1. When A:Arg286 is evaluated against the numbered criteria (1) facing chain B (nearest Cβ under 8 Å); (2) part of a loop (DSSP other than H, G, I, E, B), which criterion, by number, is the only one it fails?
2. Could you go through the range B:15-31 and let me know if any residue there is touching a Lys or Arg at 6+ places or on another chain (Cβ under 8 Å), more than 8 Å from every other protein chain (Cβ to nearest Cβ) and surrounded by 19 or more Cβ atoms within 10 Å (Cβ to Cβ).
3. Among B:Lys60, B:Lys42, B:Lys54, B:Lys84, which is crowded, with 16+ Cβ neighbours inside 10 Å, under 18 Å from the mean Cα position of the chain (by Cα) and not β-branched (Val, Ile, Thr)?
4. Conditions: (1) outside any loop (DSSP other than H, G, I, E, B); (2) facing another protein chain (nearest Cβ under 10 Å); (3) of a type in the set (Ser, Thr, Tyr). A:Tyr253 meets all but one. Number of the miss?
5. Filter the strands (runs of 3 or more DSSP E) completely within the range A:138-249 down to those with at least 1 residues that are away from chain B (no Cβ under 14 Å), in contact with a Pro (Cβ under 9 Å, 6 or more places away or on another chain) and buried (at least 18 other Cβ atoms within 10 Å of the Cβ).
6. Is there a residue in the range A:229-243 that is touching a strand residue (DSSP E or B) at 6+ places or on another chain (Cβ under 8 Å), touching a residue at least 12 places away in the same chain (Cβ under 8 Å) and in the same structural domain as A:Ile188 (by TED's automatic domain parsing)?
7. Is it the case that the range A:207-223 has a residue that's farther than 14 Å from A:Tyr151 by Cα and in contact with a helix residue (DSSP H, G or I) (Cβ under 6 Å, 6 or more places away or on another chain)?
8. Can you spot a residue in the range A:260-267 that is assigned to a loop (DSSP other than H, G, I, E, B), under 24 Å from the mean Cα position of the chain (by Cα) and more than 23 Å from A:Lys146 (Cβ to Cβ)?
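The values are calculated or read from the model by the stated rules, or taken from the named source; none is laboratory data. Being a predicted model, the structure only gives us computed values, none of them experimental. Counting neighbours? That spans all protein chains shown, and the Cβs are built from the backbone with ideal geometry, glycine included.
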Amino acid sequence: MATSFARALRLIEPGVCRQCATQPARRTFAAVQNPKREIRSRPATQTTTLSQQQVRAFSFIPKRGYKTVQEAKSRHKSGPFSWQAGLLFLLAGAGLTVYFRYEKARMARARIAEANKGIGRPLVGGPFHLTDHNGKEFTEQNLKGKYSLVYFGFTHCPDICPEELDKMAGMLDQVKEKHGEVLQPVFISCDPARDTPEVIRRYLAEFHPDLLGMTGTWQEVKDVCKAYRVYFSTPPDVKPGQDYLVDHSIYFYLMDPEGDFVEAIGRNFTVDAASKVINDHIADWRGKINKG
Amino acid sequence: MGLFGSSQPSPPQPEPSRDGGYVAPDRSARAVCWEGRDSFFKCLDRNSIIDSVKEDEKAKTVCAPELKKFEEACAASWVTYFKKRRVMEFQRDLTLKKLSAEGATPMDSSTAGGAGSATLSGK
């Protein structure tokens, strides 16, 4: 964009000189009519490369078709700078600024996504085996084809999980509005002793109909927490009906349609900020995505 | 202590689910619990008690009706958690105040240090 603009400017120069060579009489006429302007409009930097005559010619070629001297004069009062040129300059500048800002943000996101993929083995995520809230088997293969937003929690959570799940519901709506059905939200319980499929299904229904809950055996849950680098403190042997809390990390993990980790979204993000992060990553995706 | 000593307020027992789990409090139950917590904390504020675990006796004396409601509406683990969280939040605010008095400028939490702040908050 910038180079073509410069090229256009360069093309004007020889054109101008060709014109002045064919109209020697008019040039002198203009120079005589307006001797003061000649000095004012001479660009200092060009004097070394261009001859005196060329410089003079540059500012004072009247276009053919002026009916009066006054018209020609008024046309050239502003020299080579007209409001059209100014507008073009400003528009080009504004356009470039917007474009470069957009590119910069896109590159930053691509860098985050790329860095989080790691080399070889993924840093976050990987194989797991769980049971979803309908009692069906669910592995990392089921996450592929769509983006997924993974959240770890437990249903007996006093305040933070429900707040975060409400936020998650807001994000899901905003992503759906922009990109359609491209995001699979997943809730993985860190408390398999109390959170059975039925408990999770009833719990999640209060937040968003798209949320898919997961649970498993104590070992399966411990493994998936390890894969996602989630702190897991649930004791393996709890008595039935025992009252306890579970410590766990509180991130939303965004995974791409190939199952690679993209970015972690912390609690400090608002619904709008988090939705923007997710929507931008989805917009960047060039591979296959399942919209069904 | 005498008033409610004999009849320990018992929180709602978790309802067992058909497949062997325990049903969690739903949205309305959580709202009732949070309400109980808020009115108990307001009472603590009035009596300038921050740590109701350490100052258990005093809290039980001056805020008895509020505490009873709180303990009836929330599971025991939640009660303890909320009491501890109150202390933690008080200390956090105190530290922030101290820091800003020393001239520290807060970081933009939505971009910087996201990783650290999220892990610290627990639960």
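1. A:Arg286 satisfies all of (1) facing chain B (nearest Cβ under 8 Å); (2) part of a loop (DSSP other than H, G, I, E, B) except (1).
2. There is no residue in the range B:15-31 that is touching a Lys or Arg at 6+ places or on another chain (Cβ under 8 Å), more than 8 Å from every other protein chain (Cβ to nearest Cβ) and surrounded by 19 or more Cβ atoms within 10 Å (Cβ to Cβ).
3. When all the criteria are applied, what remains is B:Lys60.
4. (2)
5. A:147-153, A:212-215
6. Checked against the condition, which is being touching a strand residue (DSSP E or B) at 6+ places or on another chain (Cβ under 8 Å), touching a residue at least 12 places away in the same chain (Cβ under 8 Å) and in the same structural domain as A:Ile188 (by TED's automatic domain parsing), the range A:229-243 yields at least one hit.
7. There is no residue in the range A:207-223 that is farther than 14 Å from A:Tyr151 by Cα and in contact with a helix residue (DSSP H, G or I) (Cβ under 6 Å, 6 or more places away or on another chain).
8. yes
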